[in-house]
Amino acid sequence: MAAKLAHPHAVPCVSTQVVPGAVPTYTRILAPDADKRSCKQTALERIVLDPKYHDILTLVKGVRNGVVYGCKVRFPHALVMIFLFRSGSLRSKCSLVYKATRQHARNLSLFALVYKSTMLFLRHTSPNGKERQFDSFLAGLLGGYTVFGRTIHNSVSQQIVIYVAARVCLALAKLAVQPRLAANAHHKTHHHHHHAQVDGWQLFGNGQLSRTLSRNGWPAFASLSWAMVMYIFRWHPESMQSSLRSSMSYIYVQSDEWDSLRTLLWHNK
């Protein structure tokens, strides 16, 4: 016969554990602290899965993901660049890595908060309660100004904006020559963030001009980008972003100097 050991502080949300023994087998009631933790976790699970809290929790997770992604992207980059190209003590270098990582994570998380909050506001103020075509543009505009537009002298913010701007240019070039989708196809792809087909703008028609631009657009863009960056680096280096200038100096200027076989092949200086 199994015997139950009751606990004087047992609460309604109780976890029990069966512990088989030689003789007899008995049920042990877990400690009150474990019971309370289990109850709190269960209550929190109910809250995070409740649809009425979904909108506000998207802001929480947006901030969380911005912090995580910012740290993942910036930390290894800052670690390599600062330890390779910056002088100073180990402590000062570690401080620079930390500050750059914190800034990147802060920027992305704050932008996510502003963007998603604005999107929620615009959706709830929409006559039909649905997202409108230019809501994302307005939310991005507000987030871009709030987070990045007022920090022109911050190198981390500059790098993020330049990264985004370059990809926007490529996307716009692709949209300019992509053919338009049929109305029903556009309706299907509009509701999916990841889809194979691109609903283009077809600004140059679908004739020879469009095909020529599609074929030669990338070679021209790549060639002119490198032509301009090398010209600016050669004659106006002070106008370049500092990290790009340092990288290019390391490759194209410091490679002109050495004083031994060691500084030619093994060490830069």
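FYI, it's all coordinate maths here, none of it is from the lab. Everything quoted here is computed from the prediction, not taken from an experiment. With ideal geometry, Cβ positions are generated from the backbone for all residues, glycine too; neighbour counts draw on all protein chains shown.
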How about residue 130: which lysines have a C-alpha closer than 24 Å to its C-alpha, ignoring those fewer than 8 places off in the same chain?
-> 52, 61, 116, 188
By a straight-distance test (C-alpha under 18 Å), which aspartates and glutamates pair with residue 36 as possible cross-link partners, with residues fewer than eight away in the same chain excluded?
-> 45
Applying the Karplus parametrisation 6.51 cos²θ - 1.76 cosθ + 1.60 with θ = phi - 60° to the phi angles of the stretch 81-89, what ³J(HN,Hα) value in whole Hz is obtained for each residue in order, glycine and proline being reported as x?
-> 5, 6, 6, 7, 10, 9, 9, x, 6
Of the listed peptides 105-116, 154-165, what is their order by residue-averaged count of other C-beta atoms within 10 Å, with the highest listed first?
-> 105-116, 154-165
Residue-wise, which Karplus ³J(HN,Hα) couplings in Hz belong to the stretch 36-47, taking 6.51 cos²θ - 1.76 cosθ + 1.60, θ = phi - 60°, and x for glycine or proline?
-> 5, 4, 5, 5, 5, 5, 5, 5, 5, 4, 5, 5
Ordered by fewest other Cβ atoms within 10 Å, a rough proxy for footprinting exposure, 135, 259 read 259, 135
Please list, or write none, the aspartates and glutamates whose alpha carbon is within less than 17 Å of the alpha carbon of residue 40, excluding same-chain residues fewer than 8 places away.
-> 50
Determine by what factor the alpha-carbon radius of gyration of the stretch 46-147 differs from 2.2 N^0.38 Å, reporting the quotient.
-> 1.41
